[in-house]
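What follows is a short report on a single structure.
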Protein chains: 2
Amino acid sequence: MTNVLVPFTTGVEEIEMVAVVDLLRRADVMVCMASLDGQPVTGRSGICINADAALADVAGQGWDMVVLPGGLPNAHLLRDDANVKAVVQRLRAERKSIAAICAAPTALAAYGITENRRVTSYPACQPEMEALQPSSVYVDEAVVEDEFLITSRGPGTAIAFALRLIARLCGEQQVAEIKVSIVA
Amino acid sequence: MTNVLVPFTTGVEEIEMVAVVDLLRRADVMVCMASLDGQPVTGRSGICINADAALADVAGQGWDMVVLPGGLPNAHLLRDDANVKAVVQRLRAERKSIAAICAAPTALAAYGITENRRVTSYPACQPEMEALQPSSVYVDEAVVEDEFLITSRGPGTAIAFALRLIARLCGEQQVAEIKVSIVA
């Protein structure tokens, strides 16, 4: 079974969170929604979503991919969390996939993960992305892939982002089937 | 303030639910997520979302629009709920807007709301839509509008659907601003 970790906390962008989890689960990927304290999370639009686990309790497990959703302050709180940083750096060392959308790619930039990589983010975050990692190449595309790294821009690109994650984990045939099932 | 009621229950399609609520709230519309019993709801992909209210406690309030999200058994449970039927029929009598996506347009068809109307739904529901209301005209488009009625097809059309609801409630300028803010 393929296992994906999605850390999230207060102010998460609900569409970004839900599109990733919903579509990966449709592809039979095991997804763990891990809030920083294990408690339910209220997103930036006031929608309260339960967590499957507390991040500290599951961060050390084996993960094929970690996905950071956006929304504020979620993206900043994830960036500053020691467990998020540790699991991202461990997956990098293990050559696993690392993904982030909207404001969350700034956390990856802060960790050094985007150095020399093609990246995107929420448009307003471009100056921060470039200041944190001047060697990264910022691209104005809905989803940008560079080896282990997948980044995307906002709620309007969340479904395209989730489909690229499925392509990487499960292949293009699975993407084609999911697209039919969701009328995309 | 514009007020929108979104009834939901077990098996709701999470992207459809969250896209509507998130984007309407970005447009400063007051949205009430009303579960049938007021308790949190676990959707078709296992994501548990809190409710703002129990439907019975708020159905009698003044609403500018009711939106039925899809997913099963959610759409069937909504169809068979007396409060959902009553609020839809009252809004119809008040000439307010009525919207549904995915499997939920079948509830509107069962209530007679789609009679003589252009409609769409999740593709697999087309035979049921036509059997329930032979006078309706089924259209293969992402979002179909006919006077008071707005219908749509699935998770992949949920953002387009939510944007058409915003257009109706808040105007095209608001849609343009939301599209920029979500990178759509």
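Computed from the coordinates by the stated procedures, all read-outs in this text should not be read as laboratory data. All of these numbers come straight from a predicted model, not from anything done at the bench. Cβ: placed from backbone, ideal geometry, glycine included. Neighbour counts: every protein chain shown.
Quick notes on this one:
- Nearest beta-carbon to the A/B symmetry axis - residue in chain A, distance in Å: A:V18, 2
- Gaussian network model of chain B, springs between alpha carbon atoms under 10 Å - residue of B:S121, B:S35, B:S45 with greatest fluctuation: B:S45
- For B:Q173 and A:N116, a Förster radius of 41 Å and the Cβ-Cβ distance give a FRET efficiency of 0.50, rounded to the nearest 0.05.
- Shielding by partners - mean other protein chain Cβ count within 10 Å, residues of A:150-158: 4
- Isotropic mean projected area of the C-alpha convex hull, chain A (nm²): 9.2
- Residues in the stretch B:57-69 carry Karplus couplings, in order, of 7, 10, 4, x, 6, x, 10, 8, 6, 10, 10, 9, x Hz; the curve used is 6.51 cos²θ - 1.76 cosθ + 1.60 with θ = phi - 60°, and Gly or Pro positions show x.
- Helical content alone sets the calculated 222 nm signal of the protein assembly as shown at -11000 deg cm²/dmol, taking -39,500 (n - 2.57) per DSSP H segment of four or more residues and averaging over every residue.
- Here the Karplus curve 6.51 cos²θ - 1.76 cosθ + 1.60, taken at θ = phi - 60°, turns the phi angles of the stretch A:100-111 into couplings of 7, 9, 6, 7, 6, x, 5, 5, 5, 5, 5, 7 Hz, with x standing for Gly and Pro.
- Across the identical copies, how the A:T2 labels are spaced - nm, sorted shortest first, 7 Å along Cα→Cβ: 3.9
- Rounded to 0.05, the FRET efficiency of the A:A82 and B:T42 pair, given R0 = 35 Å and the Cβ-Cβ distance, is 0.70.
- Annotation for A:E141 and B:A124: the two label points, set 7 Å from Cα along the Cα-Cβ direction, are 3.3 nm apart.
- With a cut-off of 15 Å between beta carbons, the residues surrounding A:A75 carry a summed charge of -2, where Lys and Arg count +1 and Asp and Glu -1.
- Ascending distances from the A:A53 label point to its copies in the other chains, with the point 7 Å along the Cα-to-beta-carbon line: 3.8 nm.
- Least to most buried among B:M30, B:M1 (fewest other Cβ within 10 Å first): B:M1, B:M30
- Alpha-carbon Rg/Rh ratio, for the protein assembly as shown, with Rh computed the Kirkwood way: 0.99
- Ranking of A:M129, A:M17 by count of other Cβ atoms within 10 Å, fewest first: A:M129, A:M17
- Those residues of the stretch B:56-77 whose amide nitrogen sits under 13 Å from the label point placed on B:A93, 7 Å along Cα→Cβ: B:60
- 10 Å Cβ neighbours from other chains, averaged over peptide A:47-53: 5
- Net charge over other residues, Cβ less than 12 angstrom from the Cβ of B:V180 (K, R count +1; D, E count -1): +2
- Highest-fluctuation residue, A:E130, A:E172, A:E13 considered, GNM on chain A with Cα pairs under 10 Å: A:E172
- Ranked for footprinting exposure by Cβ neighbours inside 10 Å, fewest first, B:T114, B:T157 give B:T157, B:T114.
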